[in-house]
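Everything on this sheet refers to the single structure shown next.
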Amino acid sequence: MLQVPFLRENAEIAAAGLKKRGINAQQAIKDILNLDEQRRQNQTELDAAQAESNKISKSIGQLFKEGKHQEANQLKERTGELKQRIKELQDEQDQLRHSLENQLVALPNIPHHLVKEGKTPEDNEEVAREGELPSLDEKAKPHWEIAEEKELIRFDLGVKITGAGFPVYQGKGARLQRALINFFLDENMAAGFTEYQPPLMVNEDSGFGTGQLPDKEGQMYQIPEDKLYAIPTAEVPITNIFRGD
């Protein structure tokens, strides 16, 4: 996520970078900086009100001790006014922070400066190519046909049980899936990595942590009552292990 200090110092660079992604972000950046300026002004006023309230509170006791009850009561009235103003400023601060965060999370990161501007694959710059693309025999079959012929995957059963995109692996296909999972886990553990088995559901904070939220909730399976989301890959819960650290 782009940070306010970066946008404050590099607004033009950020706008130019986002333009490469087909996003006109000039107004969004202005809105973010305006919100941040309001937040900082609010914080300054809030700090001053709290400081004055603290100072007055110390004075009231001393005035009562000195018998200056009228002056002390006047200060108590001022304290009441300050407490009300402090509450108003704190509420405004919470609203400004919430609005600022919502604006920031909706603004994508900028690409590296070497990335070319473009919208189609043809606009991409080919940096290097290695090897030759294979030339398939005219009788070559797609993997889904081979998988069904060899009884490795049953797409029809997946549709029957759940829907499109949920294949059922069977026989050697199921064994191959299990073997591959164990193989890669064993290889990575042998290389010094630690195995984790994270939850398959994550909360909203984790969704924000890896960028699924706030704009991709329509692509995620949800449990609305508990505000939980099914993970697309283990990257989401594993990355969030380190969220905030």
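Values computed for the structure shown
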{"item": "For peptides 177-188, 12-23, sequence by mean Cβ density within 10 Å, most packed first", "result": "12-23, 177-188"}
{"item": "Solvent exposure, largest accessible area first (probe 1.4 Å, DNA, RNA and ligands not counted), of Arg39, Arg78, Arg243", "result": "Arg243, Arg78, Arg39"}
{"item": "Simple Cβ-charge dipole of region 1-128, Lys/Arg +1 and Asp/Glu -1, about Cα centre, in debye nearest 20", "result": "560"}
{"item": "Asp245 - accessible surface, heavy atoms, 1.4 Å probe, Å² rounded to 10", "result": "150"}
{"item": "Kirkwood hydrodynamic radius (C-alpha pairs) into Stokes-Einstein, the chain, 4 °C and 1.567 mPa s, D in µm²/s", "result": "52"}
{"item": "At q = 0.19 Å⁻¹, base-10 log of I(q)/I(0) for region 186-245 (Debye sum, equal scatterers on each alpha carbon)", "result": "-0.69"}
{"item": "Met201 accessible area, assembled protein chains, probe 1.4 Å, Å²", "result": "70"}
{"item": "Accessible heavy-atom area order of Ile223, Ile60, highest first, probe of 1.4 Å", "result": "Ile223, Ile60"}
{"item": "Ellipticity estimate at 222 nm from DSSP helix runs (n ≥ 4, -39,500 (n - 2.57)) divided over the chain, nearest 500", "result": "-18500 deg cm²/dmol"}
{"item": "Signed unit charges on C-beta, dipole axis of region 3-117, positive-most listed residue Ala15, Ile110, Gly67", "result": "Ile110"}
{"item": "Euclidean distance between Cα centres, region 220-243 to region 23-44, Å", "result": "30"}
{"item": "For region 62-120, radius of gyration divided by Kirkwood radius, i.e. Rg to Rh on alpha-carbons", "result": "1.55"}
{"item": "Accessible-area value, Ile161, 1.4 Å probe, nucleic acids and ligands omitted, Å²", "result": "120"}
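The values are calculated or read from the model by the stated rules, or taken from the named source; none is laboratory data. Everything numeric here is computed off the predicted structure, so don't read it as measured data. Here the Cβ is made from the backbone with ideal geometry for all residues, glycine too, and neighbour counts use every protein chain on show. To get the accessible areas, we keep the full protein, side chains included, count just its heavy atoms, and leave off ligands, DNA and RNA. Shrake-Rupley method; radii C 1.70, N 1.55, O 1.52, S 1.80 Å.
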